[in-house]
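Below you'll find the structure, written out as structure tokens, and then a few comments.
The values are calculated or read from the model by the stated rules, or taken from the named source; none is laboratory data. Given the structure is predicted, the values throughout are model-derived calculations rather than measurements. Quick reminder, even Gly has a Cβ in these numbers, built from the backbone with ideal geometry, and neighbours come from all protein chains shown. The accessibility values were calculated without ligands, DNA or RNA, using every heavy atom of the protein model including side chains. Shrake-Rupley method; radii C 1.70, N 1.55, O 1.52, S 1.80 Å.
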Amino acid sequence: LTYRAPELKQFKQRIKEIHENKNHPSHDVIEYRDGTVLERSSYPQRIGNEIVGRVFTFKDITRQRYNERALKESEQKYRTLFEQTPMGLFLLDFTVDQMSMQCNSRMETLFNVPKGKLSSSHMLEYSPEYQPDGELSKVKFKRLFGELLEEMETKFFEWRYVDAKGVYFDCETTLVPL
């Protein structure tokens, strides 16, 4: 439950509910007009089996709330930039045994694939067996990504792709380590 403390009627009603349900713990978030945010918890205090009162604790979570909101705003700005840019973008995320890819809608248009299909694919699925320089795509891919991970510096290179309709196209590709 979250409410603003100055809303006295709601505040009193909540205290009444807590006292009426004295066997149960309570957890609330109270937001003050000055921006302070407190987390309030209360538990029944017992002596033997008898409830003799309640123990209330308050924790100032103002900074945590501020950080959560800032993170949410930052994620929204990133998502808008990622989706609205006129360039095709994809993000590769590596784990020990797999790679996942996220791409924007422009990338899906370039590859002539339905929404969401490209993200569940591997980049090599949209590469011919050989690159124009004669190197196997999978060998070149491993080499370039190995260099990227070792050097942690942006890499620029040409890459030949093949879209879902089988049309080949060359792209200037930039890999940026994050």
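Leaving out ligands, DNA and RNA, what percent of the accessible area of region 39-178 is carbon and sulfur, probe 1.4 Å? The partial results should precede the final answer.
Numbers: 5210 of 9790 Å².
Exposed carbon and sulfur together represent 53 percent of the surface.
Model label points for residue 152 and residue 171, set 7 angstrom from Cα along the Cα-to-Cβ axis, are 2.7 nm apart.
Once the C-beta distance of residue 16 and residue 43 is scaled by a Förster radius of 25 Å, the resulting FRET efficiency is 0.90 to the nearest 0.05. Taking all protein chains into account, the per residue accessible area for the chain stands at 70 Å² (1.4 Å probe). Entry note, the chain: relative contact order of 10 percent, from Cα contacts under 8 Å with a spacing of 6+ residues. For the chain, the longest stretch holding no trypsin sites (Lys or Arg not before Pro) located in a DSSP loop with at most 14 other Cβ atoms within 10 Å is which? Free of exposed loop sites, the longest segment is 34-114.
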